[in-house]
Amino acid sequence: MDNTSDISNKLFASQRLLVALKEARTKLEAIESQKTEPIAIIGMGCRFPGGANSPEKFWQLLQKGIDAVKEIPRERWNIDDYYDQDPDAPGKIYTRFGSFLEDIDQFEPQFFGISPREAKSLDPQQRLLLEVSWEALENAGIAPDKLSGSKTGVFIGIGQNDYAQLGLNREQPELIQAYDGTGNGFCFASGRLSYVLGLQGPNLAVDTACSSSLVGIHLACQSLHSKECNLAIAGGVQLILSPEVTLFLSKAHALSPDGRCKTFDASANGYGRGEGCGTVILKRLSDAVADGDNILAIIKGSAVNHDGPSSGLTVPNKQAQQKLIREALSNAKVDSTEISYLEAHGTGTSLGDPIEVEAIATVLGQNRTADNPLLIGSVKTNIGHLEAAAGIASLIKVVLSLQNQAIPPHLHFDKPNPHLNWDRLPIEVPQCATPWNSATRNAGVSSFGISGTNAHIILSSAPVAEPVKAEYSKPLHLLTLSAKTNEALLNIALKYQKYLTNNSSTAIEDICYSANTGRTHFDRRLSFIASSTDDLQAQITAVIAEREAEGIFKQHQKTISKKKIAFLCTGQGSQYLEMGKQLYQTQPTFRQAVDQCDRILSSELPQPLLSILYHDNLNHQLLHQTAYTQPALFAVEYALAQMWLSW
């Protein structure tokens, strides 16, 4: 008997051990899976040269093959005082050209709660980050004011401090004030974003020179994987406000005299400087799918390394670049042959281009045929080298290419670089718009810092989501627009008018939902009640033309402080027959809520709630009995609240 008991105990112990081991293995697999989960890109915003002040305008610039290079604006510095075609002339710059943003002095500080006095000390790079990040959040359908207190991380590539040099080196130390510090430090550029939006996730300003913004995106992905944050704003910014850095680059003979990046071409003779700002909104893919986000593309994997020993501090290392791409592919669990396009760092230097192309061919050219070449290009041929913001410009270009299923033309590629044996390289440079419509599209994005820090990211097309059809259709829809000033409100109305003109087939319910839930609501308000996009467009046109029209409501709401909204529902004595009947017949959310209450109360009331409210006039006296009055009032009031919340 004792023997049998011992055997049974040993069996039970073994079984418990096996169960524990199985559970431990499951947990380890879950942790490992979490570390490699793809990251969804759900929103984007940008300011790039050539008037590319939105992702849509940026795509137009790329698709049309526009070269955004122009002469250095006089507002930056007088190029005549610095220009000399001799690259070795002391204190002189041998190029007059670059790619620049417009209106960088335009800013509404009060929108972000910044006083005019403080705004004077604010580096325009901080202003751009605030505006572009706000737009990226709205592009993602996230109302920025809803993020306060959230675990949202900020990862910003930034490396220029021209504005600080202009303000602090004016030989008038008595004019220096506290705002000069918070307005110009790199940590404050990222920190101000979290402060203004109330974010409590990790916050990093990243300076690895030309790879800064792509390194920032890599760090954001790692933070999401480790669950330090649940949402991330990542990107970079670059402005050229004073000549000192351009002077240094001239002495290093790094610049192209005509300001253009002639990447992979025989005439490549240096890069053209550019400026801009871009940010993306990132979320773990599983969360993005669960939340019903509009996924633009996914990041499958990324890697960062350093050149280590090379022939010089600023000289790239081919072996390091190969290792970088291999590691990114491994992290992404993607085979090299599955990469169909690579957005190269591609600055257009006679030294860097051959090293990069050979590294690409070594890793991604394996097992390729002439019929299946790897396409490579560089956005720098359009907008110059944005240095700290170069990586985010490249990434946004690839995301737009994935969305539009086309690869834009690579400019200034007339005669291939003779230092490369193009005949043996399974690589092709697209000189015109190229269709990219395979079922699964994978791409790589490279960004290499002049100090040696390299980053590579593997992107893939977004998973195809089945459109969800509404169970019921609404006869009328509500569109709400708001702004902090009347002028801004009119500008928003103009944008919606233009959008409706170009996108008349978009469902009105989608337009209204995105505007109502994905934007912060301000004091100056416009609302429209319409049955179709045509009605909506006519109403917006009437507002712009200052004409009266039905279904338009204007309001200026004085907001003293932000407070939570509560619904106060009236009690017994306010009931009446068929209350809310029209809403029950026409509004799906209202009807579902009342039906839910009816089901819950079916076992509690002798007569069904619906028969008391709407269906059986013989029971009209029952509505005034307390047992029915209070549940009926609650059902109607609850259904009203649910309907308003859905709007």
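The values are calculated or read from the model by the stated rules, or taken from the named source; none is laboratory data. No experiment lies behind these values; they were computed from the predicted model shown. No Cβ is skipped: glycine too gets one built from the backbone with ideal geometry, and neighbour counts run over all protein chains shown. For the accessible areas, the whole protein counts, side chains as well, though only heavy atoms, and no ligand, DNA or RNA atoms are used. Shrake-Rupley method; radii C 1.70, N 1.55, O 1.52, S 1.80 Å.
Per residue, the average separation of C-alpha pairs within less than 8 Å and at least 6 apart gives the chain a relative contact order of 14 percent.
Taking a ≥ b ≥ c as the square roots of the eigenvalues of the Cα gyration tensor of region 412-464, is the shape rounded (a/c under 1.5), prolate (a/b larger than b/c) or oblate?
On the way: a/c = 2.34, a/b = 1.17, b/c = 1.99.
Taking the square roots of the gyration eigenvalues as a ≥ b ≥ c, region 412-464 is oblate.
Report the label-to-label distance for residue 253 and residue 586 in nanometres (one decimal), using points 7 Å from each Cα along the Cα→Cβ vector. Reported label-point gap for residue 253 and residue 586 is 7.7 nm. Ranked by the mean number of other Cβ atoms within 10 Å of their residues, highest first, the peptides 58-68, 430-440, 512-522 fall in the order 58-68, 512-522, 430-440. Between the helical axis of 124-139 and the longest alpha-carbon principal axis of the chain there is an angle of about 40 degrees.
Students often check this: by mean Cβ neighbours within 10 Å, which of 37-49, 118-130, 183-195 ranks highest, and how do the rest follow?
Final packing ranking: 37-49, 118-130, 183-195.
Computed with a 1.4 Å probe over protein heavy atoms only, the accessible surface of the chain comes to 49 Å² per residue. Here are some values of Cα Rg over 2.2 N^0.38 Å: [x] 1.28; [y] 1.16; [z] 0.95. Which one was computed from this structure? Correct label, based on the coordinates given: [y]. Per-residue extension of 0.36 nm, minus the Cα-Cα distance of residue 291 and residue 615, leaves a gain of 112.9 nm for this segment. Just the protein heavy atoms count here, and of the accessible area of region 276-422 at 1.4 Å, carbon and sulfur take up 48 percent. Checking the Cα-Cα distances for 484/558; 146/283; 64/283; 474/581; 35/151; 70/380 against a 21 Å cut-off, the pairs over it are 64/283. From most to least packed by mean Cβ count within 10 Å, the peptides 78-87, 336-345, 212-221 give 212-221, 336-345, 78-87. Label-to-label distance for residue 267 and residue 314 is 2.4 nm, based on points extended 7 Å past Cα in the beta-carbon direction. What a 1.4 Å probe finds exposed on region 47-161 is 43% carbon and sulfur by accessible area, rounded to a whole percent.
Were the residues from residue 439 through residue 102 laid out at 0.36 nm apart, the gain over their Cα-Cα distance would be 117.4 nm.
Relative contact order, percent, of region 320-406 when contacts are C-alpha pairs under 8 Å separated by at least 6 residues? It rounds to 31 percent for region 320-406.
If ligands, DNA and RNA are left out, what is the accessible area of residue 505 with a 1.4 Å probe, given in Å² to the nearest 10? Here the residue's solvent-accessible area equals roughly 110 Å².
Between residue 494 and residue 165, the modelled labels are 3.6 nm apart [label points 7 Å from Cα along Cα→Cβ].
By how many nm would the segment from residue 576 to residue 187 lengthen if fully extended, with 0.36 nm per residue of separation less the alpha-carbon distance?
In short, 133.9 nm is gained.
Size of the dipole of region 492-647 about the Cα centre, Lys and Arg at +1 and Asp and Glu at -1 on the beta carbon, nothing else charged, in debye to 20?
860
How tilted is helix 186-197 with respect to the longest principal axis of the chain? Cα atoms for both, answer in degrees (0 to 90, nearest 10). Approximately 10 degrees, to the nearest ten. Here the chain is assigned +1 on the Cβ of each Lys and Arg and -1 on the Cβ of each Asp and Glu. Its dipole about the Cα centre then comes out at about 780 debye. To the nearest 10 degrees, how steep is helix 626-646 against the longest Cα principal axis of the chain, on a 0 to 90 scale? With rounding to tens, the tilt is 20 degrees. Figure legend: label point modelled 7 angstrom from the Cα of residue 200 along Cα→Cβ; residues of region 138-155 with amide N under 12 Å from it are 148-152.
Cross-link partners for residue 251 among the lysines, with Cα-Cα distance under 21 Å and sequence neighbours closer than 8 places in the same chain left out: 92, 262. Which of the pairs 227/564; 227/300; 57/333 have their Cα atoms more than 27 Å apart in this structure? Listed pairs above 27 Å: 227/564; 57/333. If r is the Cβ-Cβ distance from residue 338 to residue 647 and R0 is 45 Å, what FRET efficiency results, to the nearest 0.05? According to the calculation, E is roughly 0.55.
Label reach from residue 520 (point 7 Å along Cα→C-beta): in region 537-560, amide nitrogens under 20 Å belong to 555-560.
So if R0 is 45 Å, what FRET efficiency would residue 145 and residue 5 give, r being the distance between their Cβ atoms, rounded to the nearest 0.05? Numbers along the way, then the final one.
On the way: r = 67 Å, r/R0 = 1.48.
E between residue 145 and residue 5, to the nearest 0.05, is 0.10.
When 23, 487 are compared by accessible area at a 1.4 angstrom probe, the order from most to least is 487, 23.
With all protein chains present, how much of the accessible area of region 518-604 (probe radius 1.4 Å) comes from carbon and sulfur, to the nearest whole percent? The value for region 518-604 is 50 percent carbon and sulfur by accessible area.
Summary value for region 490-565: 37 percent relative contact order, contacts being C-alpha pairs under 8 angstrom separated by 6+ residues.
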